[in-house]
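Shown next, in structure tokens, is the structure this report addresses.
The values are calculated or read from the model by the stated rules, or taken from the named source; none is laboratory data. It should be emphasised that the depicted structure is a prediction, and the values quoted were computed from it without experimental measurement. Methodologically, a virtual Cβ is constructed for each residue, glycine included, from the backbone with ideal geometry; neighbour enumeration extends over all protein chains shown. These accessible areas exclude ligands, DNA and RNA; they are computed on the full protein's heavy atoms, side chains included. Shrake-Rupley method; radii C 1.70, N 1.55, O 1.52, S 1.80 Å.
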Amino acid sequence: MMLYHLLLQTVKTQQSAGVSRGQPHLLLYDLGFDHHDRYDVEKAVNDLSQAARGGSLYVIADEVSGSKYFDTVWDKLLTQVPHLHLWAASCFHGDAPTGWQVEYLTRPLRSPPAVVREVEHKDRHFDGGHVQPYSERGVPDHTDGPPVRRVYHRGQGHSGDRPADCVTCGRDVASFLHSLRVGVTENVTTTATTVTSTNGATTPPCLQWRDVMMLLDLLNIRDDSGMMKGLTEAGIPVRVMKDDDMEDVATARSDVVWVTSGFHVCGLERKVVVCLQYHDAVRLHSMSRCTSQLVIVCS
């Protein structure tokens, strides 16, 4: 979804300059083989082979995991498109078909060192050999990054079995986000909070709510949960991601803090990521989305 909008923006810029490079089209398929029939698989193969029209087809597949993906869509495409060029990427290794050229890209370029260390720490994917360990960064680290902040679900005022059920945890997270001055726009000549500068122009804040994302593991969170109540009461514009919100989340269109599972936002990045930690699976899929400040709510 994000790639489509980036391509669309590029094409519009080129068209305004009098250069035509074609038009991107967004095609959505459900390739969840475990609990769906194969209708979308066949439709994807037919649509892509028709688009090639006997010529070359170039496919970039991101976040591919599991051999079933290759054994269905791409094996079928190979029989219908003679000139198929396929590039695939995955955080997991060992799924590439026999004979494919494999390269390991292990330099940590998204997150600062403080976050990289947290992602690696006791992660079962690294320890189990499913993910290649990080290599040296290869470029100088100008800063270690902001220290990882931890919020603990324990003590007076905390309730519920999980941080997601706790109003106090929501208030504690909200307090820290406010301390980062997220969403605050300052007057250019004073420190007073305002939305316009002295010349009438809007001064953008250093951090906006769209720069923040709250990620869980496989567990869901409800709109009326304690965490959501605590955040809302503290003035945090927070929303739980639904299926219809996918485009909004990918493009960061709405200035809100989205709450979802780390598995649903593979490839996306946010400056501030709040992780509700239940087990170590949250490390790879959630913490690695962070490009600056990582907040961990520990149960």
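Among the residues of the stretch 229-245, some residue qualifies, meaning at least one is farther than 23 Å from GLY183 by Cα and modelled with pLDDT under 90.
Residue pairs whose Cβ atoms lie under 6 Å apart, sitting 6 or more positions apart in sequence or on different chains, and linking a residue in the stretch 1-18 that is of a type in the set (Val, Ile, Thr) to a partner that is surrounded by fewer than 12 Cβ atoms within 10 Å (Cβ to Cβ), are VAL11/ARG21.
Conditions (1) open to solvent by less than 10 Å² (accessible area, probe 1.4 Å); (2) out of contact with any helix residue (DSSP H, G or I) (no Cβ under 7 Å at 6 or more places or on another chain); (3) touching a residue at least 12 places away in the same chain (Cβ under 8 Å), marked per residue:
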| residue | (1), (2), (3) |
| --- | --- |
| ASP223 | no, yes, yes |
| ALA234 | no, no, yes |
| PRO237 | no, no, yes |
| LYS242 | no, yes, no |
| SER254 | no, no, yes |
| VAL273 | yes, no, yes |
| MET287 | yes, no, yes |
| GLN293 | no, yes, yes |
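Within the stretch 21-34, one or more residues are touching a helix residue (DSSP H, G or I) at 6+ places or on another chain (Cβ under 7 Å), over 22 Å from GLY267 (Cα atoms) and modelled with pLDDT of 85 or more.
Comparison of MET246, MET213 shows that the only residue that is crowded, with 19+ Cβ neighbours inside 10 Å and touching a residue at least 24 places away in the same chain (Cβ under 8 Å) is MET213. Among the residues examined, LYS12 does not qualify as modelled with pLDDT under 90 and among the basic types (Lys, Arg). On inspection, SER65 fails the criterion of being farther than 29 Å from ARG137 by Cα, at pLDDT below 90 and of a type in the set (Gly, Ala, Ser). Determine whether ALA281 is modelled with pLDDT of 95 or more and of a type in the set (Gly, Ala, Ser). For ALA281, the condition - modelled with pLDDT of 95 or more and of a type in the set (Gly, Ala, Ser) - is not met. Selection over the stretch 157-188 of residues that are part of a loop (DSSP other than H, G, I, E, B) and either under 15 Å from GLY226 (Cβ atoms) or open to solvent by less than 70 Å² (accessible area, probe 1.4 Å) (or both) gives a count of 12.
Can you find a residue in the stretch 111-120 that is in a loop (DSSP other than H, G, I, E, B), closer than 30 Å to SER225 by Cβ, of a type in the set (S, T, N, Q) and open to solvent by less than 50 Å² (accessible area, probe 1.4 Å)? Scanning the stretch 111-120 turns up at least one residue that is in a loop (DSSP other than H, G, I, E, B), closer than 30 Å to SER225 by Cβ, of a type in the set (S, T, N, Q) and open to solvent by less than 50 Å² (accessible area, probe 1.4 Å). I'd like the full set of residues that are part of a helix (DSSP H, G or I), surrounded by 15 or more Cβ atoms within 10 Å (Cβ to Cβ) and under 31 Å from the mean Cα position of the chain (by Cα), limited to the stretch 72-86. Selection gives THR72, VAL73, TRP74, LYS76, LEU77.
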